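A.B. asks: My structure is below; once you've seen it, I'll send some questions.
Throughout, read-outs are computed from the coordinates displayed, never taken from laboratory work. Fair warning: this is a prediction, and the values are worked out from it, not measured in the lab. Ideal geometry is used to build each Cβ from the backbone, glycine not excepted, and the neighbour counts take in all protein chains shown.
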Amino acid sequence: MNNQTGLRPALFLDRDGTLMEEVDHCHDPALVRAYPGAAEELARARALGWSNIIITNQSGIGRGYFTVEQFESVQKELLRQLGGVIDATYMSPDLPDTGSLRRKPAPGMIFEAADEHRIDLSRSFMIGDKKLDIECGQQAGLRTILVETGYGRDFSNCFPDLRVPTVTEAIRMVLDGDPNARQPS
């Protein structure tokens, strides 16, 4: 649904541990396992006017663990499993502690996506399994949801707006008008 400004809300989603099972520095498409129900809920979000955008750090590229081509083959398999409901993917190969404005927790990839896809950040959410996902969303002015898949169970010092077991539940909360979640207008 568009509002009077023509901007859409978005679900910004971390990839590894949020949309797919965590595999440390995943470089093999055979290891990709999208979480159950994610494709259906993302399709519903899109049908309701939301953009679905992946925001992912991939320091394994910067560390030389795998190549951009291997990242792209993993991404292609994830997109296949999700059924084509992702509007865009933004990836940072930068190493931690380099001062990168794109690497989460910096919000650069979110701002880039918002500009390119006409996103209303005030009505958007960041969903992820790490403290840096939550901090990235907060720095961009988004509501944040920590999922307890991947590394999400390990963050007691993380302060998201909401904490839920899975990405499927996170998306449902947003779309079904949970009192803690905002709907697009």
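A.B. asks: Kindly put C26, C158 in sequence by how many other C-beta atoms sit within 10 Å of each C-beta, fewest to most.
C.D. replies: On the way: C26 26, C158 19.
The order, fewest Cβ neighbours first, is C158, C26.
A.B. asks: With point charges of +1 on the Cβ of Lys and Arg and -1 on the Cβ of Asp and Glu, referenced to the Cα centre of the chain, which listed residue (T18, F155, I171) lies farthest in the positive direction of the dipole?
C.D. replies: Farthest along the dipole direction, towards plus: I171.
A.B. asks: Taking the beta-carbon count within 10 Å as an exposure proxy, list L19, L7 from fewest neighbours to most.
C.D. replies: Details: L19 29, L7 19.
Ascending number of Cβ neighbours within 10 Å: L7, L19.
A.B. asks: Now for a separate question. So how far apart, in nm, are the two label points at D97 and E69 if each is 7 Å from Cα heading toward Cβ?
C.D. replies: 3.2
A.B. asks: Would you list, by chain and number, the aspartates and glutamates whose Cα falls below 14 Å from the Cα of K104, excluding same-chain residues fewer than 8 positions away?
C.D. replies: The qualifying aspartates and glutamates are D14, D16, D94, E112, D129, D133, E135.
A.B. asks: Also, I was wondering about something else. Using θ = phi - 60° and the Karplus relation 6.51 cos²θ - 1.76 cosθ + 1.60, list the HN-Hα couplings for the stretch 121-126 in order, rounded to whole Hz, with x at every Gly or Pro.
C.D. replies: Values, residue by residue: 5, 5, 10, 10, 10, 10 Hz.
A.B. asks: Quick check: from the Cα gyration tensor, does the stretch 77-166 come out rounded (a/c under 1.5), prolate or oblate?
C.D. replies: rounded
A.B. asks: Between the stretch 70-142 and the stretch 17-31, what is the separation of their alpha carbon centroids in Å?
C.D. replies: 16
A.B. asks: Please report the relative contact order for the chain, taking Cα pairs under 8 Å with a sequence separation of at least 6, and give it as a percent rounded to a whole number. Don't skip to the answer; put the middle values down first.
C.D. replies: Working: 361 pairs, mean separation 47.7, N = 185.
Relative contact order, the chain: 26 percent.
A.B. asks: Report the extension gain between D115 and N157 in nm, rounded to one decimal, defined as 0.36 nm multiplied by the number of residues separating them, less their alpha carbon distance. All intermediate terms of the calculation are to be shown ahead of the outcome.
C.D. replies: Values: separation 42, 0.36 × 42 = 15.12 nm, distance 3.12 nm.
Answer, rounded to one decimal: 12.0 nm.
A.B. asks: Is there a quick way to get the dipole size of the chain? I mean about its Cα centre, with the Cβ of Lys and Arg at +1 and of Asp and Glu at -1; what is the value in debye to the nearest 20?
C.D. replies: On the way: 20 positive and 27 negative charges, 83 e Å.
Rounded to the nearest 20 debye, it is 400 debye.
A.B. asks: Now a separate question. Amide H of Y90 versus every other amide H placed in the peptide plane: which residues, excluding those fewer than 5 positions away on the same chain, fall under 5 Å?
C.D. replies: Those qualifying (amide H under 5 Å, at least 5 residues apart or on another chain) are I54, I55, T56.
A.B. asks: Rounded if a/c is under 1.5, else prolate if a/b beats b/c, else oblate: with a ≥ b ≥ c from the C-alpha gyration tensor eigenvalues square-rooted, which is the stretch 10-175?
C.D. replies: Numbers: a/c = 1.29, a/b = 1.12, b/c = 1.15.
Rounded, because the longest to shortest axis ratio a/c is under 1.5.
A.B. asks: Just name one of H27, F111, T89: the one whose Cα is farthest towards the positive end of the charge dipole of the chain (beta-carbon charges, Lys/Arg +1, Asp/Glu -1).
C.D. replies: Going by the Cα projections, it comes out as F111.
A.B. asks: Have a look at the DSSP beta bridges in the chain and tell me what percent are antiparallel, nearest 5. Don't skip to the end; give the middle numbers.
C.D. replies: On the way: 1 of 22 bridges.
Bridges in the chain are about 5 percent antiparallel.
A.B. asks: Continuing with the same structure: Mind listing the phi-derived Karplus ³J(HN,Hα) values for the stretch 47-63, rounded to whole Hz, using 6.51, -1.76 and 1.60 with θ = phi - 60°, and x for any glycine or proline?
C.D. replies: With coefficients 6.51, -1.76 and 1.60, one gets 5, 8, x, 8, 8, 10, 10, 8, 10, 9, 7, 9, 5, x, 5, x, 7 Hz.
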